[in-house]
1. Please indicate, with yes or no, whether at least one residue in the range A:48-58 is among the hydroxyl-bearing types (Ser, Thr, Tyr), closer than 26 Å to A:Ile126 by Cβ and open to solvent by less than 30 Å² (accessible area, probe 1.4 Å).
2. Are any residues in the range B:92-136 in a strand (DSSP E or B), open to solvent by 50 Å² or more (accessible area, probe 1.4 Å) and in contact (Cβ under 8 Å) with a residue 60 or more places away in the chain, and if so, which ones?
3. Only one of A:Gln142, A:Gln173 is in a strand (DSSP E or B) and more than 26 Å from B:Asp35 (Cβ to Cβ). Can you tell me which?
4. Do the conditions hold for B:Lys17, that is, is it of a type in the set (D, E, K, R) and either within 14 Å of chain A (Cβ to nearest Cβ) or not in a helix (DSSP H, G or I) (or both)?
5. If you check B:Asp35 against the conditions, is it crowded, with 17+ Cβ neighbours inside 10 Å, of a type outside the set (S, T, N, Q) and either assigned to a loop (DSSP other than H, G, I, E, B) or at pLDDT 95 or above (or both)?
6. Would you mention how many residues in the range A:49-91 are hydrophobic (A, V, I, L, M, F, W, C), within 24 Å of A:Glu24 (Cα to Cα) and outside any helix (DSSP H, G or I)?
7. What number of residues in the range B:61-90 are open to solvent by 20 Å² or more (accessible area, probe 1.4 Å) and more than 10 Å from chain A (Cβ to nearest Cβ)?
8. Within the set of pairs 6+ apart or on separate chains, which have a first residue in the range B:66-81 that is closer than 15 Å to A:Met81 by Cβ and at pLDDT 95 or above, a second that is surrounded by fewer than 20 Cβ atoms within 10 Å (Cβ to Cβ) and of a type in the set (A, V, I, L, M, F, W, C), and C-beta atoms under 8 Å apart?
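The values are calculated or read from the model by the stated rules, or taken from the named source; none is laboratory data. Keep in mind it's a predicted model, so treat the numbers as computed, not measured. Every residue, glycine as well, gets a Cβ built from its backbone with ideal geometry; the counts of neighbours run over all protein chains shown. For the accessible areas, the whole protein counts, side chains as well, though only heavy atoms, and no ligand, DNA or RNA atoms are used. Shrake-Rupley method; radii C 1.70, N 1.55, O 1.52, S 1.80 Å.
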Protein chains: 2
Amino acid sequence: MSLYFITGSKDKLSEMKAILGDVEQLEMDLPELQDLDAQKVIEAKLKEALKHKTGTFIVEDTSLYLTALKGLPGPLIKWFMKTIGNEGLYKIAVSFENKEAEAKTIIGYTDGGETQFFEGSFRGSIVEPRGDKGFGWDPIFQPEGHSKTFAEMDATEKNLFSMRKVAAEKLRQHLAK
Amino acid sequence: MSLYFITGSKDKLSEMKAILGDVEQLEMDLPELQDLDAQKVIEAKLKEALKHKTGTFIVEDTSLYLTALKGLPGPLIKWFMKTIGNEGLYKIAVSFENKEAEAKTIIGYTDGGETQFFEGSFRGSIVEPRGDKGFGWDPIFQPEGHSKTFAEMDATEKNLFSMRKVAAEKLRQHLAK
């Protein structure tokens, strides 16, 4: 049975294929549930997908969680980027005097039964935007113990911090059982 | 044909009944779409409701929009309240040096055809939390030209600033045509 990765991103698909092998991209325009709990957002998408198609599916969420904001923006990061952007999020972190953050990918997997979740995350801090590689919040996230932001790293370096890879590896081990 | 107001709130129902007359409460646990555009959030709910029941329906969204945050939190206000709360939102407004905000209710109405929207809003500013009446973000919103926050007003005073009443009155006029 095919494993479908519901995503619009070719890059995410390649990363997933590199670890899981045979994964097919499935482009489905699924509504995004409004919730701070990424697992709930993922689960809602998987349930919706199962209404339209049979198979095994994965959906992923990659979000940025600020300690000072008690988990915000989390899965709502998209709306922070669209409005106040990296400069605005940095400004907020400064005003809260706590720049700790976590970059986290959660993969939800279902074969029609209960959804299982696999996580990969890196701790770090919110810094003044630096670098022009990557996308989204890459310029303001600097992983712990390193001096570069995600947006200052080349592909090889950034690869060492792929939350998606860590999560996908956990899923791979689960499927190998 | 009955007009159903999809809400879990008895208070909102009474306010709506006072203006529209015969409105029935309909408690439906509809998923909340993740979007900064309240009209889209409302429309998704109405469409979902129409799948389960025939009739005419209204759904409302009351949100707080900060100018400095380019529309945030808007319909995402719930998650800001659950995490950083009024103190946190005030802190953000201070750090952005622009405390302008808009309190806005949007009512979406459908009889099965296209959704129509009716708005009521008041401009004001974000202030340090004051008062213990009301709920949610009432302690940090002070309408323009007034010295009290929503949470410092008694019911009669607060009634003068009901965004929901303004929006409902527009809907009433539309229905009377």
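1. no
2. B:Phe117
3. Criteria check complete, one pass: A:Gln142.
4. No; evaluated as a whole, the condition is false for this residue.
5. Answer is yes for this residue.
6. 3
7. Summing the residues that are open to solvent by 20 Å² or more (accessible area, probe 1.4 Å) and more than 10 Å from chain A (Cβ to nearest Cβ) in the range B:61-90 gives 7.
8. B:Leu69/B:Phe96
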